[in-house]
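A.B. asks: Please read through the structure below; I'll follow up with questions.
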Amino acid sequence: MRILSRREEEDVVKQHKQLGLQHCSDLFKAFADCTASRTISVMWACRKPHKELNSCLSKFNSEEALDAAIEEYLKKREY
């Protein structure tokens, strides 16, 4: 059977997003450090760390990446 229940799909997506956060943790820390002492200037001062973080996270949150994670889950479930 090649169909996921809603709960299974939510779990796979949640795990995959968590993996992305772990993988991009150094960029997340750099962005957090940049924003720590700023308010309005965050938009300008932290633009580069923000773009780097989004670029890293987009690798894990794209439709293709999520589809690949679901396929991997389905393969594991079959065995």
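The values are calculated or read from the model by the stated rules, or taken from the named source; none is laboratory data. The structure presented is a predicted model; accordingly, all values stated were derived computationally and were not measured. Quick reminder, even Gly has a Cβ in these numbers, built from the backbone with ideal geometry, and neighbours come from all protein chains shown.
A.B. asks: Would you please list the contacts, defined by Cβ atoms under 9 Å and residues six or more apart or on different chains, that run from a residue in the stretch 57-77 that is within 13 Å of residue 4 (Cα to Cα) and charged (D, E, K, R) to a residue that is modelled with pLDDT of 90 or more and surrounded by 12 or more Cβ atoms within 10 Å (Cβ to Cβ)?
C.D. replies: 72/12; 77/8
A.B. asks: Also, quick follow-up: Working carefully through the options 3, 70, find the one that is loosely packed, with under 12 Cβ neighbours inside 10 Å, at pLDDT below 95 and aliphatic (A, V, I, L, M).
C.D. replies: Just one listed residue meets the conditions, 3.
A.B. asks: Out of (1) touching a residue at least 12 places away in the same chain (Cβ under 8 Å); (2) assigned to a helix (DSSP H, G or I), the odd one out for residue 4 is which?
C.D. replies: Of everything listed in (1) touching a residue at least 12 places away in the same chain (Cβ under 8 Å); (2) assigned to a helix (DSSP H, G or I), residue 4 misses just condition (2).
A.B. asks: If you scan the stretch 32-79, which residues turn out to be of a type in the set (Gly, Ala, Ser) and in contact with a Lys or Arg (Cβ under 9 Å, 6 or more places away or on another chain)?
C.D. replies: 45, 65
A.B. asks: Which one of these does residue 79 not meet: (1) surrounded by fewer than 16 Cβ atoms within 10 Å (Cβ to Cβ); (2) among the aromatic types (Phe, Trp, Tyr); (3) at pLDDT 95 or above?
C.D. replies: (3)
A.B. asks: Please specify each residue of the stretch 13-28 satisfying the condition of being under 14 Å from residue 55 (Cα atoms) and among the hydrophobic types (A, V, I, L, M, F, W, C).
C.D. replies: If the condition is that a residue be under 14 Å from residue 55 (Cα atoms) and among the hydrophobic types (A, V, I, L, M, F, W, C), then 21, 24, 27, 28 are the ones that fit.
A.B. asks: Hey, another quick one. If I go through the stretch 44-67 residue by residue, how many of them are more than 15 Å from residue 14 (Cα to Cα) and surrounded by 10 or more Cβ atoms within 10 Å (Cβ to Cβ)? Give the steps one after another, and end with the answer.
C.D. replies: Within the stretch 44-67, the first condition is being more than 15 Å from residue 14 (Cα to Cα), and the residues that meet it are 44-56, 64.
Next, only the ones that are surrounded by 10 or more Cβ atoms within 10 Å (Cβ to Cβ) stay: 45-56.
Summing the residues that are more than 15 Å from residue 14 (Cα to Cα) and surrounded by 10 or more Cβ atoms within 10 Å (Cβ to Cβ) in the stretch 44-67 gives 12.
A.B. asks: Sticking with this structure for a sec: For the stretch 14-37, what are the residues that are in contact with a helix residue (DSSP H, G or I) (Cβ under 6 Å, 6 or more places away or on another chain) and closer than 21 Å to residue 73 by Cβ?
C.D. replies: Matches in the stretch 14-37: 16, 20.
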